[in-house]
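Okay, so here's the structure we're looking at.
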Amino acid sequence: MPQDAAALRSMLSLAPVIPVIVLDDVAAARPLAEALVAGGLPVLEVTLRTPHALQVIEEMAKVEGAIVGSGTVRSPLQMGHSVDAGCQFMVSPGAPPRLLAAAEEQPIPLLPGIGTPTEAMTASEHGYSFLKFFPAEALGGARVLKAYASPLADITFCPTGGIDMAKARAYLELPNVICVGGSWVMPADAVAARDWRRIEGLARDAAALRQA
């Protein structure tokens, strides 16, 4: 089936920010997820960029209230591993037609990445109405997505890449942005120091962006 837009809308609308997590420390997985969820960010994207990413996903999926997805998904094999690890969604940096077709065979939805109007239109032709705009800041930031709003009015975006707390506000003001992805809510030094209270506070500030 094409992208399950209703399922993605439900997940992506839960919080204004999706933490984009690059983690190889399995022992830190659950406490990190607990801190983010407690701070009001229940939707978590764990990128498949580290050797133990799938184990990290498995641990985070055990946290009550956490909705865990895999990121940097680039192959059907990674899609299968994501499902087996307990993911509820998948995110890809791009949208090659073969990957979009493979996603139709999976029981969880894919949020594919695009960087141009042509790529967005191609994904739309394959039944995708929710897309990741990546790398957002390198491609021109919020002003580019603002320009997309009228000609691509049927597409909703989750911009990711180079976004921080201040930049997130500009994106979230746009009518075609449902949420943003970012890693600023879990600084590497805070994770290394096991400073879960600090991370929970940063998550709480990010979660408040919806009301700001």
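Only the coordinates and a few stated rules stand behind these numbers; no lab work does. Treat the numbers as computed from the prediction; the structure is a model and nothing was measured. Neighbour counts run over all protein chains shown; Cβ positions are idealised from the backbone, glycine included.
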Item to check | Estimated FRET transfer efficiency when R0 is 22 angstrom, pair Asp24-Glu64 (beta carbons, to 0.05) | outcome: 0.40
Item to check | Relative packing of 155-165, 31-41, 122-132, which averages over residues the other C-beta atoms within 10 Å, highest first | outcome: 31-41, 155-165, 122-132
Checklist entry - Which listed residue (Gln3, Val177, Gly113) has the Cα farthest towards the positive end of the charge dipole for the chain, taking +1 on Lys and Arg C-beta and -1 on Asp and Glu C-beta about the Cα centre? => result Val177
Next on the checklist: Tell me which GluC sites (Glu not before Pro) from the stretch 65-124 have a DSSP coil assignment and no more than 10 other beta carbons within 10 Å of their own.
Outcome noted: Glu105
Checklist entry - How much length is gained on full extension from Arg197 to Met121, taking 0.36 nm per residue of separation minus their Cα-Cα distance? => result 23.1 nm
Checklist entry - Based on the Cβ-Cβ distance of Arg210 and Arg49, what FRET efficiency does E = 1/(1 + (r/R0)^6) give at R0 = 25 Å, to the nearest 0.05? => result 0.35
Next on the checklist: Ignoring everything except DSSP H segments at least 4 long, calculate the 222 nm mean residue ellipticity for the chain; use -39,500 (n - 2.57) per segment, divide by total residues, nearest 500.
Outcome noted: -11500 deg cm²/dmol
Checklist entry - How many nm is it between the label spots at Asp84 and Ser129, if each spot is 7 Å from the Cα in line with the beta carbon? => result 3.4
Item to check | For Lys132, distant residues with modelled amide H under 5 Å away | outcome: Gly113, Ile114, Cys158
Checklist entry - Roughly speaking, what is the centre-to-centre gap between the stretch 155-201 and the stretch 72-110 when only Cα atoms are used, to the nearest Å? => result 23
Checklist entry - Once phi is turned into θ = phi - 60°, what whole-Hz ³J(HN,Hα) does the Karplus curve with 6.51, -1.76 and 1.60 give for every residue of the stretch 94-109, x standing for Gly and Pro? => result x, 9, x, x, 5, 6, 4, 5, 5, 5, 5, 8, 9, x, 10, x
Next on the checklist: For the pair Arg169/Asp154, report the inter-label distance in nm, with labels modelled 7 Å from Cα in the Cβ direction.
Outcome noted: 3.5
Checklist entry - Gaussian network model of the chain, Cα springs within a sub-10 Å range: biggest mean-square fluctuation belongs to which of Ala136, Ala188, Ala147? => result Ala147
Next on the checklist: Under 13 Å from a point placed 7 Å out from the Cα of Ala138 along the Cα-to-Cβ direction: which residues of the stretch 82-101 have their backbone N that close?
Outcome noted: 93-94
Item to check | Residues with amide H under 5 Å from that of Leu44, placed H, sequence gap 5 or more | outcome: Ile67, Val68, Gly69
